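Colleague: Please find one structure pasted underneath; my questions will follow.
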Amino acid sequence: MLNCSKQKGFILWILGPTSSGKTTIADLLLKKLRHSNKIGMHFDGDEVRNFFGPDHGFASSDRLRVVETLVHLANKALESGVNAVIVSALTANNDAREYVFQHTKNLIIVDIQCSIAICTERDPKGLYKKAASGKIKTLIGFNNDYHPPKITHKSINSEVQLPEECVDSLIAFLNTNNYL
């Protein structure tokens, strides 16, 4: 049961390797928050990247531009009265993580832990398969190492927990810290 009597707006930034479950967990969390009459919004890194179109690449500067856009959107949503802003984005580069830390209001960092081996097995978009065949040369976790964040407020392991269990863990964390 969610306790919505204490309403401190926040931006919950979910990061982790590709196919670790970031978007699935964010969508389920948003659904539960809305079911409890919490005003929430979810911004996904892939959706923002798709908005920029096919010419937008995966260079560090392109990745940073996506993160800057996500930070801007999340801050605007929070300012407009959305209580729970959820961002799900790989956010693998240090410059992007620094930007998030320095420019995001009421930030909560959630690290999704999942081995690349399990992410490769899941691979709902076929990205690891494309990287293995050489069609993708910029997949973080395959072509370049994925490094967990140094700063985090909550870690959850999607390798050993079902998505619903991950969300329940996040809700317990948010309740314990008076965000809900």
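Colleague: Output the number of the condition that Glu164 fails; it satisfies all remaining conditions of (1) in contact with a Lys or Arg (Cβ under 8 Å, 6 or more places away or on another chain); (2) of a type in the set (Asp, Glu); (3) surrounded by fewer than 18 Cβ atoms within 10 Å (Cβ to Cβ).
Modeller: (1)
Table: residues versus (1) basic (Lys, Arg); (2) more than 19 Å from Val48 (Cβ to Cβ); (3) touching an Asp or Glu at 6+ places or on another chain (Cβ under 7 Å).
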{"position": "Asn83", "(1), (2), (3)": "no, yes, no"}
{"position": "Val87", "(1), (2), (3)": "no, no, no"}
{"position": "Ala92", "(1), (2), (3)": "no, no, no"}
{"position": "Ala96", "(1), (2), (3)": "no, no, no"}
{"position": "Asn106", "(1), (2), (3)": "no, yes, no"}
{"position": "Ile118", "(1), (2), (3)": "no, yes, yes"}
{"position": "Gly134", "(1), (2), (3)": "no, yes, no"}
{"position": "Pro149", "(1), (2), (3)": "no, yes, yes"}
{"position": "Thr152", "(1), (2), (3)": "no, yes, yes"}
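Colleague: Which condition from (1) modelled with pLDDT of 95 or more; (2) open to solvent by 20 Å² or more (accessible area, probe 1.4 Å); (3) not polar (S, T, N, Q) is the one that Ala92 breaks?
Modeller: Result: Ala92 fails condition (1) only.
Colleague: A further question follows. Please work out if Glu79 is among the acidic types (Asp, Glu), out of contact with any Cys (no Cβ under 7 Å at 6 or more places or on another chain) and farther than 17 Å from Thr18 by Cα. First the steps, then the outcome.
Modeller: Values: among the acidic types (Asp, Glu): yes; out of contact with any Cys (no Cβ under 7 Å at 6 or more places or on another chain): yes; farther than 17 Å from Thr18 by Cα: yes.
It is true that Glu79 is among the acidic types (Asp, Glu), out of contact with any Cys (no Cβ under 7 Å at 6 or more places or on another chain) and farther than 17 Å from Thr18 by Cα.
Colleague: Something else about it: May I ask you to list the residues in segment 167-180 that are open to solvent by less than 80 Å² (accessible area, probe 1.4 Å) and over 21 Å from Arg122 (Cβ atoms)?
Modeller: Let us first name the residues in segment 167-180 that are open to solvent by less than 80 Å² (accessible area, probe 1.4 Å), namely 167-175, 177-180.
Residues satisfying the conditions are Ile171, Ala172, Phe173, Leu174, Asn175, Asn177, Asn178, Tyr179, Leu180.
Colleague: Can you name the residue in segment 133-161 that is of a type in the set (Val, Ile, Thr) and crowded, with 17+ Cβ neighbours inside 10 Å and is also farthest from Gly21 (Cα to Cα) among such residues?
Modeller: Per the criteria, the residue is Ile140.
Colleague: Can I ask one more? Tell me, which residue of segment 19-70 that is polar (S, T, N, Q) and in contact with a strand residue (DSSP E or B) (Cβ under 6 Å, 6 or more places away or on another chain) is surrounded by the most Cβ atoms within 10 Å (Cβ to Cβ)? Give the derivation first.
Modeller: Going through segment 19-70, the residues polar (S, T, N, Q) turn out to be 19-20, 23-24, 36-37, 50, 60-61, 69.
In the following step, the residues that additionally are in contact with a strand residue (DSSP E or B) (Cβ under 6 Å, 6 or more places away or on another chain) were identified as 20, 23.
Details: Ser20: 28, Thr23: 19.
So, considering only residues that are polar (S, T, N, Q) and in contact with a strand residue (DSSP E or B) (Cβ under 6 Å, 6 or more places away or on another chain), the one surrounded by the most Cβ atoms within 10 Å (Cβ to Cβ) is Ser20.
Colleague: Looking only at segment 116-157, which residues are under 14 Å from the mean Cα position of the chain (by Cα) and in a loop (DSSP other than H, G, I, E, B)?
Modeller: Within segment 116-157, Pro148, Pro149, Thr152, His153 meet the criteria.
Colleague: Within the set of pairs 6 or more residues apart or between chains, which connect a residue that is touching a residue at least 60 places away in the same chain (Cβ under 8 Å) and over 18 Å from Pro148 (Cβ atoms) inside segment 73-100 to a residue that is open to solvent by 10 Å² or more (accessible area, probe 1.4 Å) and of a type in the set (D, E, K, R) with Cβ atoms less than 7 Å apart?
Modeller: Asn75/Lys105; Leu78/Lys105
Colleague: Residue by residue through segment 78-88, note down the ones that are aliphatic (A, V, I, L, M) and open to solvent by less than 10 Å² (accessible area, probe 1.4 Å).
Modeller: Within segment 78-88, Ala84, Val85, Ile86, Val87 qualify.
Colleague: So, one more: I'd like to check which helices (runs of 4 or more DSSP H) are fully inside segment 16-115 and have at least 1 residues that are touching a helix residue (DSSP H, G or I) at 6+ places or on another chain (Cβ under 9 Å) and of a type in the set (Phe, Trp, Tyr).
Modeller: Result: 45-52, 94-103.
The values are calculated or read from the model by the stated rules, or taken from the named source; none is laboratory data. The structure displayed is predicted, hence computed values, not measured ones. For neighbour counting, all protein chains shown are included, and Cβ atoms are generated from backbone atoms with ideal geometry for every residue, glycine included. Just the protein is used for accessible areas: all its heavy atoms, side chains included, with ligands, DNA and RNA removed. Shrake-Rupley method; radii C 1.70, N 1.55, O 1.52, S 1.80 Å.
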